[in-house]
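Enquirer: Can you read through this structure? Questions will come right after.
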Amino acid sequence: MADPIVTIKNGKLRGKIAQNYDGDEFYSFQGIPYAKPPVGPLRFKPPVPSESWEGIKDATKEGNECISYNIVFNITSGSEDCLFLNVYTKKLPDKEKLFKPVMVWIHGGAFIMGSGNSSLHGPEFFLTKDIVLVTINYRVGLLGFLNFEDPSLEIPGNMGLKDQVLALKWVNENIAHFNGDSSNVTVFGLSAGAASAHYLLLSPLAKGLFHKCIMQSGCVYSWWAKGHRSLPYLSKTLETSITSEKDAFNIVQNMPVEELINIQKKIPEKCAPSFKRCIGPVVEYKSENAFLTEEPDIIIKSGNYNHVPIIIGFTSREGMVYDFYMNEVKEHGHTIQNFESLIPYTISTSAKNECIKLMADKIRTFYYGNQKSSEENKNQFYLLHGDVGVVWPTYVTIEKHNSTSKSLIFLYEMSVDSTLSFVKKFFKIDTPGVAHSDDLSYFFNSTVTPKIIPNSVEDKIIKTCVTLWTNFAKYGNPNSPIKDSLINIHWKPTEKNNLHFLDIGENITVGINPEENRINFWKQLESCNQNCN
């Protein structure tokens, strides 16, 4: 196979040949600009479509990652010039023009770090199937989510999400040149990427740009999906005294990007349900180009959103994520110093002080009984943090959408614990369960993926996950219309009173209402607050 050349709206691209998980060849096009570099006067502004070029652009290497501070490795990397995407396809268009389903991946990273590049999101597993895969970069941190209420500044927030919208527009305009079907696009992501997919579901800017949605361990109700106004945080961290948003804008607009990242490091950052972060999606003032102008609750209740089929789910020990997001773990181990901090923001804002204390005591008693929170019972720590941060918000999302959605919703839990559990390995976690983001290993190849043994548990789950997700991308239903020797069960969609789910363990099974006892506790806690007030 010769190096592929594709002509898109902006010009010609030269890609390369790569090999998938089965050893077959596919086409790879990387580092494609979908927007102008968001620098200079475009810093903090909505993305602008990329310009055309002369000649043939090299698309054999990935573009810059968006500049960010990685809180896990304590390093700053990337560039402001970062709005690139990658396209992977098994076949280019021919006379038959049999266009294939498109899957657009949105990376996670708590809206402060990450990229769509192949170091974590290699396409080799997905390209065993007849789909077109797109992975994207979008602005993160203050560069992607700085927000001001003053309309004259034209920085209402959500620029990182608007990057995602422009990337989807690029897909709709160009993906046919890669044999992709622009009328059959699935957005999917993990963690903040899943929350992004959910926000896209609710945003009028994204209406009609995609047709299915997969949310892995995240939604708009999760802790990484909350953002707050920037000025109070900037006024505490900028060395110069500021009294207005215009003052703050004038400082950060002209600041070298390295200094801006240093400012971001000083902003308080807690991954706790009761803490409303500075960096994240916000409700904007109304304007023609607003991404979101109402709270998600109001939008979902109104039914005025993108009605598309949904897959949503979580891992069995989501709370293990706190080992690298939470300073308290580094200082105090897996002991909880303040149970009040674990009351979700959506509940605590309307609660009286006596209600807060009552709810905190109920949380402690339910998860620890008569025991103290200690290193010896850190499994309870993981369960509690995972439930309040991901599992309970997932149930809230399903219940709210079930009341207004016109489309099917499929729920899953991932419980397989294998040699691909990289988060657990990295942080030397020995407690059973699947950590937050460890499911990524079954969907994407990475620089740390070991050689997979044929017919092993790892091999089986990779093939199962990719089959289910690509079935969904093709049909809007993860169940194959033809007999599949690998998956011999039927995954039912959720119902209002029965949350059917798929358990992705060493054996694939189905059931109803996963983690029912713990979910009922959070329902009762919410009712307790209402009755207390």
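The values are calculated or read from the model by the stated rules, or taken from the named source; none is laboratory data. Quick caveat, the model's predicted, so the values are computed rather than measured. For neighbour counting, all protein chains shown are included, and Cβ atoms are generated from backbone atoms with ideal geometry for every residue, glycine included.
Enquirer: Give the residue, chosen from Pro268, Pro296, that is in contact with a Phe, Trp or Tyr (Cβ under 8 Å, 6 or more places away or on another chain) and under 25 Å from Ser403 (Cβ atoms).
Expert: Pro296
Enquirer: Would you mind stating whether Glu173 is modelled with pLDDT under 95, of a type in the set (D, E, K, R) and at negative phi?
Expert: Here the answer is no, as Glu173 does not meet what is asked.
Enquirer: So Asn86 ticks every box in (1) without any contact (Cβ under 8 Å) to a residue 60 or more places away in the chain; (2) within 23 Å of Leu190 (Cα to Cα); (3) in a loop (DSSP other than H, G, I, E, B) but one. Which box is left unticked?
Expert: (3)
Enquirer: Same structure, new question: Determine, yes or no, whether Leu358 is at pLDDT below 95 and touching a helix residue (DSSP H, G or I) at 6+ places or on another chain (Cβ under 8 Å).
Expert: When the stated conditions are applied, Leu358 passes them.
Enquirer: Between a first residue in the stretch 192-206 that is touching a residue at least 24 places away in the same chain (Cβ under 8 Å) and among the aromatic types (Phe, Trp, Tyr) and a second residue that is surrounded by fewer than 24 Cβ atoms within 10 Å (Cβ to Cβ) and not in a helix (DSSP H, G or I), which pairs have beta carbons less than 9 Å apart while being 6 or more apart in sequence or on different chains?
Expert: Here the result reads Tyr199/Leu292, each pair linking the stretch 192-206 to a residue that is surrounded by fewer than 24 Cβ atoms within 10 Å (Cβ to Cβ) and not in a helix (DSSP H, G or I).
Conditions tested, residue by residue: (1) farther than 30 Å from Lys266 by Cα; (2) acidic (Asp, Glu); (3) modelled with pLDDT of 95 or more; (4) within 21 Å of the chain's Cα centre (by Cα).
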| residue | (1), (2), (3), (4) |
| --- | --- |
| Tyr34 | yes, no, yes, yes |
| Lys45 | no, no, yes, no |
| Asp58 | yes, yes, yes, no |
| Glu62 | yes, yes, yes, yes |
| Ile67 | no, no, yes, yes |
| Asp81 | no, yes, yes, no |
| Lys100 | yes, no, yes, no |
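Enquirer: Further question on the same structure: Can you pull out the residues in the stretch 104-136 that are surrounded by fewer than 24 Cβ atoms within 10 Å (Cβ to Cβ), outside any loop (DSSP other than H, G, I, E, B) and of a type in the set (S, T, N, Q)?
Expert: Ser118, Ser119, Thr128
Enquirer: Still on this structure: State all residues of the stretch 4-44 that are part of a loop (DSSP other than H, G, I, E, B) and surrounded by fewer than 14 Cβ atoms within 10 Å (Cβ to Cβ); if no residue qualifies, say none.
Expert: Scanning the stretch 4-44 gives Lys9, Asp22, Gly23, Asp24, Val39.
Enquirer: Quick one: which of Glu239, Glu269, Glu331 is at pLDDT below 95 and not in a loop (DSSP other than H, G, I, E, B)?
Expert: Just one listed residue meets the conditions, Glu331.
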